[in-house]
Each structure stands twice: as C-alpha cells, then as structure tokens.
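Student: If you scroll down you'll find the structure; I have some questions about it.
FYI, it's all coordinate maths here, none of it is from the lab. Note that the coordinates shown come from a computational prediction; the quantities given were computed from them, not determined experimentally. When we count neighbours, we look across all protein chains shown, and the Cβ atoms used for this are built from the backbone with ideal geometry, even at glycine.
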Amino acid sequence: MAEEDEAQEEPEAGPEASSDSDSEESTEKKDLDAVYDIPVRVSTVLGKVDIPVSKLMALEKGAVVELDKKVGDAVEIFVNSQLVARGELIVSDGQLGVTMTEIIKSNLRKT
C-alpha cells in the first residue's frame, strides 16, 4: 500500500485553476476585438520634387513627374498623421509597397 501512495502523484491544477486565466484572456481578447475594427489612415511620402508653377500647370494626363526617391530608399510611415515607423520602398507583384524596417518608440516621435 505504501508503494501505491508513493507512486500516486499530486494532481496538477485542474480546470478550475486555468479557467480564471482563460477567462481573463478571453475578456482581454474581446476588449481588443473592438479596437481591431477601428479604421486608421496609413500613409507614407513616396518622394518630393520642386517644380515651377508654370511646369506644374503644363502637365497633362499621363505625364510622369520624377520624385527624389526610388525603390529601396528609406521612407517614413505615418498612422493618423503620427510618425510610427520607417521603412523602404519595394515592388511586389508589380505593385509599389513599403516594408517596415524600424518601429519608432512613442517618446521619440515627432509631435
């Protein structure tokens, strides 16, 4: 009988112990679900150019204006007009895009 007692281990925390943790995580997830549906505006400046007004007024449909940035150059990424990251311009499946390379800490952001 003593051998049976030694072989018997204490039961691990049952479902009651984990249900509090699961309940808290579930509540947090539900709270965040509401935030995930909030629309935000993400933008980046693809480049700049100085051009005289006369040339700007002479532009026609289909005209190409060369900017000072090219694929691979660094750009700033804004969310709701706040600088949140830096990245670089890429081309993916023929589309121009931005890949994030650095997240800006909130205390370093420009206001």
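Student: Looking at the stretch 20-54, which of the residues that are of a type outside the set (A, V, I, L, M, F, W, C) and touching a residue at least 40 places away in the same chain (Cβ under 8 Å) is surrounded by the most Cβ atoms within 10 Å (Cβ to Cβ)?
Tutor: Thr44
Student: Separate question: Within the stretch 63-77, restricting attention to residues that are within 20 Å of the chain's Cα centre (by Cα) and assigned to a loop (DSSP other than H, G, I, E, B), which residue is surrounded by the most Cβ atoms within 10 Å (Cβ to Cβ)?
Tutor: Asp73
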